[in-house]
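To start, the structure itself, in structure tokens.
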Amino acid sequence: MININSKVFIAGHNGMLGSSIFRELKKKGYKNIITINKKKLDLRNQNAVRMFFKKKKPDAVIIAAAKVGGIKANIHYPANFINDNLQIQTNIISSSHSNNVKKLILFGSSCIYPKSIKKPIKESQIMSGVLESTNESYAIAKIAGIKMIESFNRQYNTNYLCLMPCNLFGPNDNYDTKNSHFLPALIKKIYSASKKKGKNKVVKLWGTGKPKREVLHVDEVANACEFFLKKKIKKTIINIGSPIEMTIKNYASLIRKKIDPKVLIKFNNDKKLDGVMRKKLNLSLANSYGWKSKMNFMRVLDEVIEDYINTHR
Ligand SMILES: NC(=O)c1ccc[n+]([C@@H]2O[C@H](COP(=O)([O-])OP(=O)(O)OC[C@H]3O[C@@H](n4cnc5c(N)ncnc54)[C@H](OP(=O)(O)O)[C@@H]3O)[C@@H](O)[C@H]2O)c1
């Protein structure tokens with residue numbers, strides 16, 4: 001099985017999750033971590049990926065490379081989301097198989113489960129209903145990745161796994177106005193409103209503020225990734241989340257209190273920008289294997305806000 005002497009390839013090691021996994025493996029003493037920058041290897045290029053695997057011969061592969069974005073990016077660039085993710089996953093999974101990779105971890109997301117299903121969501125509910133239209137292309141690509149690893153496991157007895165995290169936040173998050181997820185977007189928007197004077201301290205947020213979101217610090221997912229990397233298990237999908245779930249409105253008020261209580265929050269009430277109303281994950285499968293989030297939400301939120309303010313003064 002995989003241990004600290006195994007050769008582990010982290011695809012996407014510069015991203016938010018990939019860089020956290022890199023730090024976690026280093027901390028745990030892994031001696032043979034393989035990485036490569038996107039400029040040197042575009043993972044959409046099938047031939048280049050094949051050559052890379054043939055040369056490097058990794059024992060384990062973690063797919064943290066993906067085309068990722070918030071609700072507006074998903075609405076405006078569906079072709080990029082389906083095309084890039086299908087290509088990246090397919091190239092890496094098939095090259096992993098032809099090079100006898102012992103363990104592979106792909107990342108899905110809580111947002112690829114159908115929109116109107118019973119909550120908290122169990123892994124078995126994948127493909128049990130209609131998808132959220134705003135990120136359908138992304139979800140279809142990710143579901144194809146899951147079905148691909150499920151098929152390889154069945155046909156070739158491989159040990160490939162998909163971890164399904166909830167909304168993440170933490171170091172190296174994307175704060176781009178058009179492309180970010182909800183939590184970094186709240187921090188950025190509330191902080192810029194706090195810089196204004198008097199009555200201008202107003203922040204306009206998308207949607208109604210009513211959808212609920214479950215959040216987890218990215219380092220916890222990296223910890224789960226290393227935990228499951230060493231395990232041989234029969235399941236193909238495992239949810240990774242936390243007990244922290246609030247409405248967007250509540251997250252916004254909490255962040256406002258921490259940054260500047262004088263900021264006034266207004267929602268544009270555009271229901272199209274709400275996305276799914278709730279997507280709480282059922283975490284009993286991960287718990288049954290012995291993994292549980294240890295996150296102190298208030299402490300890590302403080303750290304993330306402080307880090308953002310220090311780098312954007
Ligand atoms: N962030 C979340 O809240 C969240 C929640 C649930 C699941 N996930 C899953 O976690 C995984 C990682 O997400 P993330 O938030 O860490 O994303 P991220 O910060 O955008 O990182 C993605 C990485 O993939 C790389 N990449 C993209 N296209 C590539 C290509 N064609 N060739 C080589 N590298 C490429 C990017 O490189 P460049 O930076 O150079 O483009 C980047 O380093 C994704 O599968 C996502 O679905 C994320």
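The values are calculated or read from the model by the stated rules, or taken from the named source; none is laboratory data. Remember, it's a predicted structure, so these values are computed and weren't measured experimentally. Glycine also receives a Cβ, built like all others from the backbone with ideal geometry; neighbour counts cover every protein chain displayed. SASA here: full protein model, heavy atoms, side chains in, ligands and nucleic acids out. Shrake-Rupley method; radii C 1.70, N 1.55, O 1.52, S 1.80 Å.
Of note:
- Odd one out for residue 169 among (1) away from the ligand (no atom under 16 Å from the Cβ); (2) open to solvent by less than 10 Å² (accessible area, probe 1.4 Å); (3) within 26 Å of residue 22 (Cβ to Cβ): (1)
- Scanning segment 297-312 for residues that are outside any helix (DSSP H, G or I) and either over 30 Å from residue 1 (Cβ atoms) or modelled with pLDDT of 95 or more (or both) turns up nothing.
- Residue in segment 9-17 that is within 15 Å of the ligand (Cβ to nearest atom), surrounded by 15 or more Cβ atoms within 10 Å (Cβ to Cβ) and assigned to a helix (DSSP H, G or I) present: yes
- Qualifying positions in segment 276-313 - in contact (Cβ under 8 Å) with a residue 24 or more places away in the chain and aliphatic (A, V, I, L, M): 276, 277, 281, 283, 285, 286, 295, 300, 301, 304, 305, 309
- Members of segment 263-293 that are in contact with a Ser or Thr (Cβ under 8 Å, 6 or more places away or on another chain) and of a type in the set (Phe, Trp, Tyr): 267
The rows are residues; the columns are (1) within 12 Å of the ligand (Cβ to nearest atom); (2) out of contact with any Phe, Trp or Tyr (no Cβ under 7 Å at 6 or more places or on another chain).
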| residue | (1), (2) |
| --- | --- |
| 58 | no, no |
| 63 | yes, no |
| 73 | yes, yes |
| 89 | yes, yes |
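- Selection status of residue 275, under 13 Å from residue 212 (Cβ atoms) and small (Gly, Ala, Ser): yes
- Selection of segment 105-149 for residues being more than 15 Å from the ligand (Cβ to nearest atom), outside any helix (DSSP H, G or I) and either open to solvent by 50 Å² or more (accessible area, probe 1.4 Å) or of a type in the set (D, E, K, R) (or both) yields 115, 116, 118, 119, 120, 122, 127, 128, 130.
- Here residue 185 meets the list (1) among the aliphatic types (A, V, I, L, M); (2) closer than 24 Å to residue 263 by Cβ; (3) touching a strand residue (DSSP E or B) at 6+ places or on another chain (Cβ under 7 Å); (4) within 12 Å of the ligand (Cβ to nearest atom) almost entirely, failing just condition (3).
- Flag for residue 23 being of a type in the set (Lys, Arg) and within 14 Å of the ligand (Cβ to nearest atom): yes
- Lone qualifier among 210, 232, 196 - being at pLDDT below 95, open to solvent by 10 Å² or more (accessible area, probe 1.4 Å) and farther than 30 Å from residue 288 by Cβ: 196
- The one condition from (1) surrounded by fewer than 22 Cβ atoms within 10 Å (Cβ to Cβ); (2) modelled with pLDDT under 95 that residue 185 does not meet is (1).
- Set 240, 265, 248: member being at pLDDT 95 or above, within 25 Å of residue 195 (Cβ to Cβ) and under 20 Å from the mean Cα position of the chain (by Cα): 248
- Within segment 54-70, considering residues that are out of contact with any Asp or Glu (no Cβ under 6 Å at 6 or more places or on another chain) and surrounded by fewer than 21 Cβ atoms within 10 Å (Cβ to Cβ), the one nearest to residue 304 (Cα to Cα): 59
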